[in-house]
1. Are any residues in segment 54-65 surrounded by 13 or more Cβ atoms within 10 Å (Cβ to Cβ) and either in contact (Cβ under 8 Å) with a residue 40 or more places away in the chain or farther than 23 Å from Ala80 by Cα (or both), and if so, which ones?
2. Could you please find all residues in segment 1-29 being within 30 Å of Pro87 (Cβ to Cβ) and more than 15 Å from the chain's Cα centre (by Cα)?
3. Going through segment 4-26 one residue at a time, which ones are part of a loop (DSSP other than H, G, I, E, B) and not acidic (Asp, Glu)?
4. Taking Asp29, is it in a helix (DSSP H, G or I) and under 17 Å from Val131 (Cα atoms)?
5. Condition first: closer than 23 Å to Leu75 by Cα and either surrounded by fewer than 11 Cβ atoms within 10 Å (Cβ to Cβ) or among the polar types (S, T, N, Q) (or both). Now tell me which residues in segment 89-116 satisfy that.
6. Would you mind telling me which numbered condition in (1) under 17 Å from Arg115 (Cβ atoms); (2) in contact (Cβ under 8 Å) with a residue 40 or more places away in the chain Ile73 fails?
7. All but one of (1) in contact with a Cys (Cβ under 8 Å, 6 or more places away or on another chain); (2) free of Cβ contacts under 8 Å to residues at least 60 places away in the same chain; (3) aliphatic (A, V, I, L, M) hold for Ala117, so report the exception by its number.
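Please treat every number below as a calculation from the coordinates, not as lab data. It should be emphasised that the depicted structure is a prediction, and the values quoted were computed from it without experimental measurement. Don't worry about glycine lacking a Cβ; one is built from the backbone with ideal geometry, like all the others, and counts go over all protein chains shown.
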Amino acid sequence: MRLMSFTDFGLRALMLLGTAPERARTSEDLARALGISRHHLVKVLQHLAAAGYVRTVRGAGGGVRLARPAAAIRLGEAVAYLERGQPLVECFRADGGACPLTPSCRLRAALSRARAAFLESLNGETLADCVTARA
């Protein structure tokens with residue numbers, strides 16, 4: 001299974017924020033530390049803020065920080081949220097896709113179970129399990 005870059009950026013941002021949860025970081029600082037485009041990261045941070053994973057504060061002394069403890073952020077839930085709306089394969093699209101095999105395909109059910117197992121496995125881990133606090 002391959003995650004979207006959007007999800008990768010989101011997970012990396014959460015991990016970096018989790019290393020020093022009391023510290024607010026600017027999007028520019030985070031983008032530089034992660035080696036990714038600030039423009040893309042801002043979209044990811046907005047998405048994470050809408051879901052309550054991060055809290056943003058504008059202005060001097062502002063920035064972004066975790067909105068809840070790292071131990072309360074389940075990885076599977078975060079991945080499912082960040083991947084929401086992105087079909088695993090053609091037939092998972094909201095409109096059913098255009099695969100001619102759909103009417104007789106049994107692969108869809110197997111992939112659906114595999115995706116569920118993947119997310120369930122990730123839900124056994126929290127963000128806290130993936131980060132080491134820094135001073």
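1. Of the residues in segment 54-65, the ones surrounded by 13 or more Cβ atoms within 10 Å (Cβ to Cβ) are 54-56, 63-65.
Of everything in segment 54-65, those that are surrounded by 13 or more Cβ atoms within 10 Å (Cβ to Cβ) and either in contact (Cβ under 8 Å) with a residue 40 or more places away in the chain or farther than 23 Å from Ala80 by Cα (or both) turn out to be Val54, Gly63, Val64, Arg65.
2. Within segment 1-29, the subset within 30 Å of Pro87 (Cβ to Cβ) is 1-18, 27.
Correct list: Ser27 only.
3. If we filter segment 4-26 for residues that are part of a loop (DSSP other than H, G, I, E, B), which is where we start, we get 4, 20-24, 26.
Met4, Ala20, Pro21, Arg23, Ala24, Thr26, listed by residue number.
4. Values: in a helix (DSSP H, G or I): yes; under 17 Å from Val131 (Cα atoms): no.
It is false that Asp29 is in a helix (DSSP H, G or I) and under 17 Å from Val131 (Cα atoms).
5. Restricting attention to segment 89-116, the residues satisfying the condition of being closer than 23 Å to Leu75 by Cα are 89, 92, 110-116.
Answer for segment 89-116, where residues must be closer than 23 Å to Leu75 by Cα and either surrounded by fewer than 11 Cβ atoms within 10 Å (Cβ to Cβ) or among the polar types (S, T, N, Q) (or both): Ala110, Ser112, Arg113.
6. (1)
7. Result: Ala117 fails condition (1) only.
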